[in-house]
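Written below as C-alpha cells is the structure these notes are about.
The values are calculated or read from the model by the stated rules, or taken from the named source; none is laboratory data. From a predicted model like this one, the values you see are computed outputs, not experimental measurements. For neighbour counting, all protein chains shown are included, and Cβ atoms are generated from backbone atoms with ideal geometry for every residue, glycine included. Side chains included, ligands, DNA and RNA excluded: accessible areas come from the protein's heavy atoms. Shrake-Rupley method; radii C 1.70, N 1.55, O 1.52, S 1.80 Å.
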Amino acid sequence: MVIINALGIWNLIATTVCYVMLRRKRALFDDRFATTITKTVTLTVTLILGIHFSVIFPFELSSIFAHTLILGVFIGFLFGSLVKYHSILIGFYHGMVGSSMGVMIGEVLKNPQLCSIPITSSKQILVNMLYLCGFTTFLLTFILSLVLYSLRV
C-alpha cells in the first residue's frame, strides 16, 4: 500500500506542476486550445485521482464518492478558468464524469465480486490494484507531458 500511496502523491504533484506551468503560459493559447486542454486534463486527472482515492481510503462508498466529486469539480474549475472562463462548464462536466468513473473502477478493484470477477485471493487483489495504479500513474504523467509539450510546438 505504500507504493500506491506514493503513486497517488506523485499524481497530485504532477497535476499541480502542470497547472502552474499552464497558468504561467496561458497567454500562448486561445479559447479552442484551452477547451481541449480542459477536456483532456480534467477527465484524465479526475479519473486517476478517483481510482487512487477509492483504493487508498477505507471510507464507505458514498463518502468517497462525495469527496472525489467535489475534488473533480474543483479541478475542472481550475483548468477551465485558465483563459477566459468559457470552458468552466466543460471542466465541471468532465470533472464529475471522471471522478465518478474513477471511484467505480477503484471499488471494483477493491471488491471484484461486484462485477462477478472470480478473484478471491487478497494477494491477487492487491497485485491488481498495484498494477492498475502504476499504469494509471504512467498514463497521467504521459498525458500531462504531451499537454505541456503541445505548448512548445
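Take the alpha carbon gyration tensor of the stretch 85-153, find the square roots of its eigenvalues, order them as a ≥ b ≥ c, and report rounded if a/c is under 1.5; if not, report prolate when a/b exceeds b/c, else oblate. It is oblate, given that a/c is not under 1.5 and a/b is not larger than b/c.
Within the stretch 1-59, which chymotrypsin sites (Phe, Trp or Tyr not before Pro) sit in a loop by DSSP and count at most 14 neighbouring Cβ atoms inside 10 Å? All intermediate terms of the calculation are to be shown ahead of the outcome.
On the way: sites: Trp10, Tyr19, Phe29, Phe33, Phe53, Phe59; in loops: Phe29, Phe59.
Answer in residue order: Phe59.
Once the 1.4 Å probe is applied to the protein heavy atoms, the stretch 11-113 comes out at 51 Å² accessible per residue.
Longest span of the chain, sites excluded, free of trypsin sites (Lys or Arg not before Pro) in DSSP loop with at most 11 other C-beta atoms within 10 Å?
Numbers: sites that count: Lys84, Arg152.
In the chain, the maximal stretch lacking such sites is 1-83.
Were the residues from Lys110 through Tyr131 laid out at 0.36 nm apart, the gain over their Cα-Cα distance would be 6.3 nm.
What shape does the stretch 1-54 have by the C-alpha gyration tensor, where a ≥ b ≥ c are the square roots of the eigenvalues, rounded means a/c under 1.5, and otherwise prolate means a/b greater than b/c and oblate the rest? Mind showing how you got there, number by number?
Values: a/c = 5.52, a/b = 2.04, b/c = 2.71.
Verdict is oblate for the stretch 1-54.
Heavy atoms only, probe 1.4 Å: what % of the accessible area of the stretch 10-153 goes to carbon and sulfur, would you let me know? Whole-percent figure for carbon plus sulfur exposure: 71. In the chain, the longest principal axis of the Cα atoms and the axis of helix 2-24 are about 10 degrees apart.
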